[in-house]
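> Take this structure, written in structure tokens, and hold onto it; I'll ask about it next.
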Amino acid sequence: MFIELLGSNPNFYFMCVLIVIFSVCCHEYMHARAALWQGDSTAADLGHLTLNPLKQMGAFPIIMLLIIGITWGQVPVNPSRMKHRYSDALVSFAGPFANLMLFLVFSIATAVVLVKYPQTVHLTSSSAFGALLLFYHAAMLNILLFIFNMLPIPILDGYNVFSFMFPGVHNINQELKNGMIAILFILVLFTFDKLQNLCYLITQFAVDIFRNVLGFIA
């Protein structure tokens with residue numbers, strides 16, 4: 001269980017917790033901002049144009065994060081108040097898009113540290129090494145959040161985006177939707193490690209590209 005890291009590696013535990021809370025809050029903030037842009041002020045009226053985790057996530061999701069490493073946000077939107085037929089999909093995509101942008105920012109930050117302090121990987125007690133770990137894992141966790149949230153499964157953002165692209169999805173009955181949600185939980189339980197490994201590979205690939213580009217420029 002995730003909380004076991006608190007005993008074995010407390011620094012890594014708190015680093016992951018802070019990264020996830022910050023990333024989820026950015027994700028939810030972008031939902032609220034995009035909804036307001038598209039004419040729905042529901043989230044804004046309820047105070048969700050903030051990075052406050054108690055507002056964007058709530059106490060229970062934060063507790064779940066601390067214990068089992070799984071959490072979620074809770075920004076309310078009202079598609080009926082939005083301007084365009086694509087607005088709901090746009091608002092849904094805004095959250096994962098925030099995570100994608102954070103992935104790129106933290107990947108570049110990781111590359112900058114590696115280029116500026118190439119000896120960092122051998123100096124595990126240095127502040128630069130601490131920054132390297134923070135940026136690298138922040139990049140990995142954000143691409144993980146992006147990929148996971150874009151899965152076309154009900155309750156995830158990807159479902160609304162997928163539904164806009166393929167309107168026939170709206171005709172799926174509730175039993176099938178419940179089955180898709182069950183698939184989500186099975187995915188989390190049995191394949192999450194593989195998804196995490198994939199995200200590490202993607203992160204390393206991105207960091208290597210940015211590192212080579214920065215090295216060439218320098």
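The values are calculated or read from the model by the stated rules, or taken from the named source; none is laboratory data. Only a predicted model underlies this, so the values are computations on that prediction, with no experimental measurement involved. For neighbour counting, all protein chains shown are included, and Cβ atoms are generated from backbone atoms with ideal geometry for every residue, glycine included.
> From 135, 129, grab the single residue that is assigned by TED's automatic domain parsing to the domain that holds residue 192, under 18 Å from the mean Cα position of the chain (by Cα), within 26 Å of residue 6 (Cβ to Cβ) and among the aromatic types (Phe, Trp, Tyr).
Details: 129 fails: under 18 Å from the mean Cα position of the chain (by Cα).
Of the residues listed, the single one that is assigned by TED's automatic domain parsing to the domain that holds residue 192, under 18 Å from the mean Cα position of the chain (by Cα), within 26 Å of residue 6 (Cβ to Cβ) and among the aromatic types (Phe, Trp, Tyr) is 135.
> Now a separate question. Every residue in region 155-189 that is farther than 15 Å from residue 92 by Cα, within 20 Å of the chain's Cα centre (by Cα) and of a type outside the set (Val, Ile, Thr), please.
Answer for region 155-189, where residues must be farther than 15 Å from residue 92 by Cα, within 20 Å of the chain's Cα centre (by Cα) and of a type outside the set (Val, Ile, Thr): 184, 185, 187, 189.
> Further question on the same structure: Can you name every residue in region 121-152 that is touching a residue at least 12 places away in the same chain (Cβ under 8 Å) and more than 18 Å from residue 27 (Cα to Cα)?
Of everything in region 121-152, those that are touching a residue at least 12 places away in the same chain (Cβ under 8 Å) and more than 18 Å from residue 27 (Cα to Cα) turn out to be 128, 131, 132, 133, 134, 136.
> Can you give me the number of residues within region 182-193 that are free of Cβ contacts under 8 Å to residues at least 40 places away in the same chain and loosely packed, with under 14 Cβ neighbours inside 10 Å?
The qualifying residues number 8.
> While we're looking at this one, here's another question. Looking at region 37-53, which of its residues are part of a loop (DSSP other than H, G, I, E, B) and either at positive phi or not hydrophobic (A, V, I, L, M, F, W, C) (or both)?
Within region 37-53, 38, 39, 40, 41, 47, 48, 50, 52 qualify.
> Scan (1) more than 13 Å from the chain's Cα centre (by Cα); (2) assigned to a helix (DSSP H, G or I); (3) modelled with pLDDT of 95 or more; (4) farther than 19 Å from residue 97 by Cβ for the single condition residue 17 breaks and write down its number.
Just one mismatch for residue 17, condition (1).
> All but one of (1) in the same structural domain as residue 167 (by TED's automatic domain parsing); (2) part of a helix (DSSP H, G or I); (3) farther than 21 Å from residue 26 by Cα hold for residue 118, so report the exception by its number.
That leaves (2) as the condition not met.
> What number of residues within region 115-142 are surrounded by fewer than 21 Cβ atoms within 10 Å (Cβ to Cβ) and either modelled with pLDDT under 95 or closer than 17 Å to residue 212 by Cβ (or both)?
Adding up the residues that qualify gives 18.
> State all residues of region 163-180 that are within 22 Å of residue 145 (Cα to Cα), aliphatic (A, V, I, L, M) and surrounded by 15 or more Cβ atoms within 10 Å (Cβ to Cβ); if no residue qualifies, say none.
180
> Only one of (1) in contact with a helix residue (DSSP H, G or I) (Cβ under 6 Å, 6 or more places away or on another chain); (2) part of a helix (DSSP H, G or I) fails for residue 130. Which number is that?
(1) is the only condition that residue 130 fails.
So that you can scan it fast, the table gives a plain yes or no per residue for (1) assigned to a helix (DSSP H, G or I); (2) under 29 Å from residue 87 (Cβ atoms); (3) modelled with pLDDT of 95 or more:
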site	(1), (2), (3)
153	no, yes, no
160	yes, yes, no
169	yes, yes, no
175	yes, yes, no
182	yes, no, no
190	yes, no, no
197	yes, no, no
203	yes, no, yes
215	yes, no, no
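> Provide a single number: the residues in region 194-218 that are of a type outside the set (A, V, I, L, M, F, W, C) and exposed (fewer than 15 other Cβ atoms within 10 Å of the Cβ).
The number of residues fulfilling the criteria is 6.
> Considering only residues of region 89-114 that are hydrophobic (A, V, I, L, M, F, W, C) and in contact with a His (Cβ under 7 Å, 6 or more places away or on another chain), which is surrounded by the most Cβ atoms within 10 Å (Cβ to Cβ)?
Looking at residues that are hydrophobic (A, V, I, L, M, F, W, C) and in contact with a His (Cβ under 7 Å, 6 or more places away or on another chain), I get 91.
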